[in-house]
Amino acid sequence: MQPWSRYNTLFRSERYGWFLHNTLSGVMLELDESHASIAESLRDGSLPSSAEPAGFIALLEQNGFLADPGKERLKLMENRYWRNAACFSTTHLGLTICPTLSCNFACPYCFEHSQGDATVMDEGTIEALVAFIRKHGDAKHLTVRWYGGEPTLAFGIIETLTAKFIELFPDYAGAGMVTNGYLLDQEKIERLNDLKIASVQITLDGTEETHDRRRIHSNGEGTYQQIIKNIDLLMNSSWNGSCAVRVNVDRTNRHEYAVLRKELLDRYKGRNLTVYPGHVNTDDGNSCDRQCSLCNREWAAFQLDGYAIEGITPRGGLYPPSGIQNLCIATSLQGYVVGPKGELYKCWEDVGREGMVIGTVHDEQYVTNPELLVRYSIGTDPYGDSECMECKVFPVCGGGCVNRRMRVQQFGESSLEYCSSLKESLEKYLDAYMDKWHTNQICKVVLGKGRPPSMENGYRMVQPEMKMRNEVKNPLEPLTGHEQEGSGNNGAPNKTGASLLF
Ligand code: SF4
Ligand code: SF4
């Protein structure tokens, strides 16, 4: 018999009894008391005392609960292989373009360091950017996200560049835009379809009073009403994209999220609009109180309370995802963030930081800081990190945000967290998932759509292995509205330094 897998979690839910989950295979079983006791014996290294039907042991072996550690290691290496294949793929070119770093807001927590810089991408940089794109001759597809500063302040550049992109890539589509929404008026909305902008992300910071205290126009006035007015225009337009409203959440406004979410979903019922919470990181030495951002434990509690009290399922669901998809623009060979002067970065969080520039589109060789590039791509590989390789949640975490990992491990910024909140809260997420699973089973029965798996043998499958788990999606592929919200760890920080640590 194979030994007990180090990726197992055997736990007793107060409401639903015993469960067994394995982070590597992704399988979860529900057990009755006697099978839980067998599992406990196996976990503790003793042979089960009862005459156990071979069927149960075989099930545990088939689903990775009893496993050869050497084979588990090989499985991780297989995951590493597919991760690397996606990271170093040259089929896609993914650009996050900041046509300007200037912004019409003056949010105290904003991490960008060039709010006062009114530079708008000039003709020379536009031409150099096009030449830079041409150098990526293997790329069959181009994916763009408009970012800033505030991209609507340089809408003409978006128009000019989009025309060039369509010339270069006839299938160019699926662009996204991260905007504060303030200048998204009727005229711009009417251009979105032609500009191939399929998703727009707009940020609110809570209900009107809180938002207006935090997302302040540079003239000192509140911005909530104007943003809502523009979302109304967007949702009543013929634009065929999707809008994601990101609500920045920290210790001071977390209680407002559910209220605001409901208000927005009611207001835009039937429209292509989603609302999700953004994990704000203020540990960046700015004027906002560094103590107000939620640590991973608090973020988990926020999500789990949101489910338990308000019935809000976190984006990406409650079930631990496959960490193999923990990829982003920063981990991708052909993913770049382009600043208005043509400077190149690897991550949204680096925009405006001179020391984090890896190159420029103006230089023939374009990579001018190969050391930083290597720190990002090779230095952050979680498969080279013994702590991750020993970590029980590695298969579902995938190593967290590489920007934070690099800043902590290589630049000594100890206040940042890059671990998944699953590390501390796996059982709590699984418990919440069980609640949802049981509710779904009851609904199915009531609606006559099937029966739950039987507990006749003393165990049943709650979550079988998902065959799709190891199909790694290239993070540079065009985003749909839902993906724009982020899944797992690779979401959009949206000018708040907030990556999406599950
Ligand atoms: S997850 Fe987001 S913040 Fe982290 S490295 Fe990737 S792009 Fe940057
Ligand atoms: S939780 Fe932390 S230690 Fe564990 S795999 Fe993720 S990043 Fe690595």
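The values are calculated or read from the model by the stated rules, or taken from the named source; none is laboratory data. Computed from a predicted structure; not experimentally measured. For neighbour counting, all protein chains shown are included, and Cβ atoms are generated from backbone atoms with ideal geometry for every residue, glycine included. Ligands, DNA and RNA are stripped out before the accessible areas are found, and what is left, the full protein with its side chains, is counted by its heavy atoms. Shrake-Rupley method; radii C 1.70, N 1.55, O 1.52, S 1.80 Å.
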Pick out, from segment 1-98, the strands (runs of 3 or more DSSP E) lying fully within it that include 3 or more residues that are closer than 30 Å to F132 by Cα.
92-97
So which residues in segment 339-369 are within 15 Å of ligand 1 (Cβ to nearest atom) and surrounded by fewer than 17 Cβ atoms within 10 Å (Cβ to Cβ), if there are any at all?
R353
Quick test for you: out of T152, T100, T143, pick the one residue that is touching an Asp or Glu at 6+ places or on another chain (Cβ under 8 Å), of a type in the set (S, T, Y) and either farther than 18 Å from A173 by Cα or at pLDDT below 95 (or both).
T100
Unique match (being open to solvent by less than 10 Å² (accessible area, probe 1.4 Å) and in contact with a helix residue (DSSP H, G or I) (Cβ under 7 Å, 6 or more places away or on another chain)) among I158, I227
I158
Just to confirm my filter: which helices (runs of 4 or more DSSP H) fall fully inside segment 370-435 and include at least 2 residues that are charged (D, E, K, R) and within 12 Å of ligand 1 (Cβ to nearest atom)?
402-409
As an exercise: evaluate L373 against (1) of a type in the set (A, V, I, L, M, F, W, C); (2) open to solvent by 40 Å² or more (accessible area, probe 1.4 Å); (3) within 16 Å of ligand 2 (Cβ to nearest atom) and give the number of the one condition it does not meet.
(3)
Which count do you get for residues in segment 192-220 that are within 20 Å of P151 (Cα to Cα), among the charged types (D, E, K, R) and out of contact with any strand residue (DSSP E or B) (no Cβ under 9 Å at 6 or more places or on another chain)?
1
Among the residues of segment 119-134, is any under 27 Å from V249 (Cβ atoms), open to solvent by less than 10 Å² (accessible area, probe 1.4 Å) and in contact with a His (Cβ under 9 Å, 6 or more places away or on another chain)?
no
